Amino acid sequence: MTFNKNFILRFALVAIVLTAFSCKKENAAHTNSKAETATTIKTTMHPNLILTARGVKDIRAQLGSIPIFDTTLKTVQEEIDAEIALGIETPIPLDYSGGYTHVRHKRNMVVLQKAGVLYQILDDEKYAKYVKDMLMQYEAMYKTLPLHPKTRSYARGKLFWQCLNDANWLVYVSQAYDCVYNYLSEEERTKLETNLFKPFADHISVDSPQFYQRVHNHSTWGNAAVGMIGLVMDDQELIDRALYGIKDLKLDTEEKDDDGGFLNKDGKAGFLANIEEPFSPDGYYNEGPYYQRYAMYPFLVFAEGLHNVKPELKIFEYKNGVLLKSINALLNLSDADGDFFPLNDGQKGMSYYNDALVTAVDISYHFGNQDAGLLSVAEKQDKVLLDDSGLAVALGIKNGETIPFDKKSINLSDGPNGTQGGVGILRNEPLELVFKYAAQGSSHGHYDKLSYSLYENGEEVIQDYGLARFVNIEQKGGGNYLKENKTWAKQTIAHNTVTQNEASHFNGKYEIGSKHHSVLHYFSSDHAGVQVVSAKEVNAYPGTEMLRTMAIIKDPDFEKPYVLDIMKIISNKVNQYDFPYYFFGQVLAANFEYKTPETLKPLGSKNGYQHLYVEATAKASDVNSKFSWLNNRKFYTLTTVTNAEDDLMFTRIGANDPEFNLRRDPALLLRRKNTKNTLFVSTIEAHGSYSPVSESAVNSNSNIKELKVVLDTEEYTAIAITDINSVTKLFITANKKASEEAKHTLKINGVEYQWSGAYYFE
């Protein structure tokens with residue numbers, strides 16, 4: 001039989017088409033079979049953890065019409081397409097933070113989460129296949145993976161040198177797994193859950209109780225990791241372990257963690273305990289804003305997962321809705337530029353532009369009361385989550401609902417019941433004053449009761465050092481905490497508060513400091529012209545009481561508001577008191593004569609003093625010592641009340657630091673020796689400006705002529721502030737009765753003053 005060429009070509013073409021159609025039907029049947037199997041095994045629809053099936057439908061309907069969401073999606077798609085083109089790499093773990101294998105696995109977890117989201121939103125199987133292929137590589141590796149070879153951590157992971165990073169990985173990867181759950185076959189899911197996810201969750205919890213069974217930001221990540229993969233797998237045992245901790249666990253030894261904190265042995269553990277204990281009713285997190293920012297991601301994404309999968313728990317209502325309240329508190333703990341105040345261990349420059357805060361802002365808006373002020377923060381962040389909450393924010397911005405997020409003076413209580421001190425933030429035009437009278441702050445706390453820092457338009461004027469660490473920079477201690485964090489950054493002399501007899505508060509002992517907190521005396525921010533915070537500390541030095549009152553005063557006779565600082569000390573013995581001012585910038589002028597040594601020597605030998613070089617020394621020569629400096633083209637002046645016995649020293653950080661782990665920052669230190677009871681009073685003025693273009697200095701001199709203590713008793717302290725035009729204003733603070741209802745009558749130099757409330761100013 002013979003066939004002509006055209007017939008053969010037509011036959012071949014039909015065969016190809018039929019084959020393609022058959023394959024398409026087979027693939028469709030396979031997909032349907034997988035979906036039916038998933039439905040049979042698990043009635044819950046996926047995704048349902050963070051991105052939901054309903055959210056996917058709504059997002060797809062809005063694509064192309066929601067600018068901030070569309071832009072974010074395009075950016076993420078380009079990022080993940082580039083990663084897919086590079087191929088998959090899951091190297092055997094070797095390094096500390098900042099090392100190649102650490103960075104690669106950390107990158108993988110983020111890429112997996114984003115690829116899963118892209119699969120759902122774009123309905124493109126290449127992203128699901130990429131997630132599946134990488135997860136299968138991890139499954140093949142994890143089955144035989146030993147503990148990480150680096151042994152520094154108190155709780156070693158397998159992918160990373162510490163369990164904390166392993167928990168980070170699982171929090172992200174659980175979201176990816178949720179997104180591709182129905183793409184995978186039952187056999188593939190069983191393989192992943194049996195060989196990867198369940199053993200992974202067991203390692204960071206049951207195998208590592210010293211990491212998991214406690215109240216700390218580390219365990220919050222662990223709880224969220226175990227709980228989120230439990231939600232995706234519908235594993236109630238893992239969900240309960242996440243919420244309530246490991247039941248009937250006995251720790252035989254009391255161990256310290258990397259940061260000096262003690263492991264919990266009192267039964268307080270699990271996600272709910274980690275909400276209950278660290279957060280105050282105002283939403284302040286006891287470790288400080290840097291670690292609150294870090295912990296908010298697992299807190300909120302696990303909470304969102306619980307809300308979506310286990311709505312009966314009403315997680316966003318737990319403890320009077322503190323998780324959503326905490327986001328407002330955290331945003332208020334940032335300066336004018338959005339950088340978080342470095343209370344306790346905190347890296348400077350961390351801000352609400354961090355991805356964790358994108359998550360926080362979007363979730364707060366979506367699940368809270370849709371505060372339109374949050375939309376202005378989201379606009380500054382210029383991206384949203386690619387999920388239901390991100391869509392809500394994008395629609396709010398699109399619909400023109402944005403209003404400014406208004407930061408005002410605020411007092412945030414500390415402690416689970418709001419009774420363990422707090423942080424007061426005074427805001428008056430360009431100035432922001434952060435006053436810390438909080439509890440210890442767990443293992444990340446510093447020994448700096450009644451300390452403060454000062455900002456002008458987001459720039460540090462009087463600084464808090466923050467932490468001694470180069471996060472994720474391998475060359476600096478593997479990116480981990482440096483020894484100088486304990487020998488310098490945590491010590492009292494590193495902060496703007498009083499150090500007595502060259503010893504840190506509580507002798508720098510965590511177990512002592514964690515038992516005590518300062519007490520609020522009063523906080524007043526109702527008056528636009530004068531805003532005041534005052535607190536007392538009686539435990540930092542046994543036998544010594546410190547009462548510090550700080551005010552930002554807006555006086556029409558001054559160019560800008562200025563700070564008034566009153567530290568009253570009562571002690572049962574004679575002491576030496578050191579009072580530093582950690583300024584930035586160039587020394588301009590001082591009204592005291594100082595001598596500079598030929599050779600720099602440390603100020604002391606321990607408790608942080610060993611890290612301070614003495615660059616100049618002086619004796620106070622007047623009732624007021626004045627010092628002016630220039631920083632960022634603005635002028636500042638410190639005026640402080642002194643006596644002839646007071647010493648003044650210019651110091652600089654950096655002594656006994658051969659590896660240059662510390663910044664070489666300056667300070668002016670006031671020392672008062674052989675003194676029992678005393679009063680430190682000072683003002684800090686921000687004034688004038690300098691232009692290098694016009695080479696003109698405007699208002700470069702202080703506006704204060706004299707600062708004087710006119711009365712100091714057990715009941716009251718009165719300070720007279722006289723300007724260069726000889727106009728005198730009087731500030732009186734009540735040292736005892738400071739309620740708003742309290743009525744006061746006081747005679748000073750024959751003049752009677754009457755007022756209600758904690759202070760008087762006129």
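The values are calculated or read from the model by the stated rules, or taken from the named source; none is laboratory data. In this text, all values refer to a predicted model and were calculated from it rather than measured experimentally. Every residue, glycine among them, receives a Cβ derived from its backbone with ideal geometry; neighbour counts consider all protein chains shown.
Tabulated results
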quantity	calculated
Pick from region 739-762, criterion under 36 Å from the mean Cα position of the chain (by Cα) and not in a loop (DSSP other than H, G, I, E, B), ranking: surrounded by the most Cβ atoms within 10 Å (Cβ to Cβ)	Tyr759
So Tyr447, is it aromatic (Phe, Trp, Tyr), in contact (Cβ under 8 Å) with a residue 40 or more places away in the chain and not in a loop (DSSP other than H, G, I, E, B)	no
Identity of the residue in region 56-83, under 27 Å from Glu474 (Cβ atoms) and of a type outside the set (Gly, Ala, Ser), that ends up surrounded by the most Cβ atoms within 10 Å (Cβ to Cβ)	Ile80
Tally of residues being crowded, with 16+ Cβ neighbours inside 10 Å and either of a type outside the set (D, E, K, R) or within 19 Å of His521 (Cα to Cα) (or both) across region 395-426	20
All positions within region 378-394 that are surrounded by fewer than 18 Cβ atoms within 10 Å (Cβ to Cβ) and either more than 19 Å from the chain's Cα centre (by Cα) or hydroxyl-bearing (Ser, Thr, Tyr) (or both)	Glu379, Asp382
Residue in region 320-328 that is part of a helix (DSSP H, G or I), among the β-branched types (Val, Ile, Thr) and either modelled with pLDDT under 95 or within 26 Å of Gly513 (Cα to Cα) (or both) present	yes
Checklist (1) part of a strand (DSSP E or B); (2) closer than 30 Å to Leu520 by Cα applied to Ala618, failing item	(2)
Failed item, numbered, when Asp345 is tested on (1) under 19 Å from Leu467 (Cβ atoms); (2) not in a loop (DSSP other than H, G, I, E, B)	(2)
Residue tally, condition part of a helix (DSSP H, G or I) and within 16 Å of Asn182 (Cβ to Cβ), over region 101-129	12
Looking only at region 304-335, and only at residues there that are of a type in the set (A, V, I, L, M) and touching a strand residue (DSSP E or B) at 6+ places or on another chain (Cβ under 7 Å), the one that is nearest to Ile239 (Cα to Cα)	Val322
Residue in region 571-593 that is charged (D, E, K, R), at pLDDT 95 or above, in a loop (DSSP other than H, G, I, E, B) and over 22 Å from Gly688 (Cβ atoms) present	yes
Filter result (surrounded by fewer than 16 Cβ atoms within 10 Å (Cβ to Cβ) and within 30 Å of Lys509 (Cβ to Cβ)) within region 524-565	Pro542, Gly543
Meets criteria (under 30 Å from Glu752 (Cβ atoms) and either outside the structural domain of Leu482 (by TED's automatic domain parsing) or not in a loop (DSSP other than H, G, I, E, B) (or both)) for Leu669	no
Breaking point among (1) closer than 20 Å to Tyr455 by Cα; (2) part of a loop (DSSP other than H, G, I, E, B); (3) under 36 Å from the mean Cα position of the chain (by Cα), for Lys736	(1)
Index of the failed condition, Asp723 passing every other in (1) exposed (fewer than 11 other Cβ atoms within 10 Å of the Cβ); (2) under 30 Å from Tyr594 (Cα atoms)	(1)
Test: residue in region 633-648 that is within 30 Å of Val727 (Cβ to Cβ), under 32 Å from the mean Cα position of the chain (by Cα) and loosely packed, with under 14 Cβ neighbours inside 10 Å	yes
Residue tally, condition basic (Lys, Arg) and part of a loop (DSSP other than H, G, I, E, B), over region 388-410	2
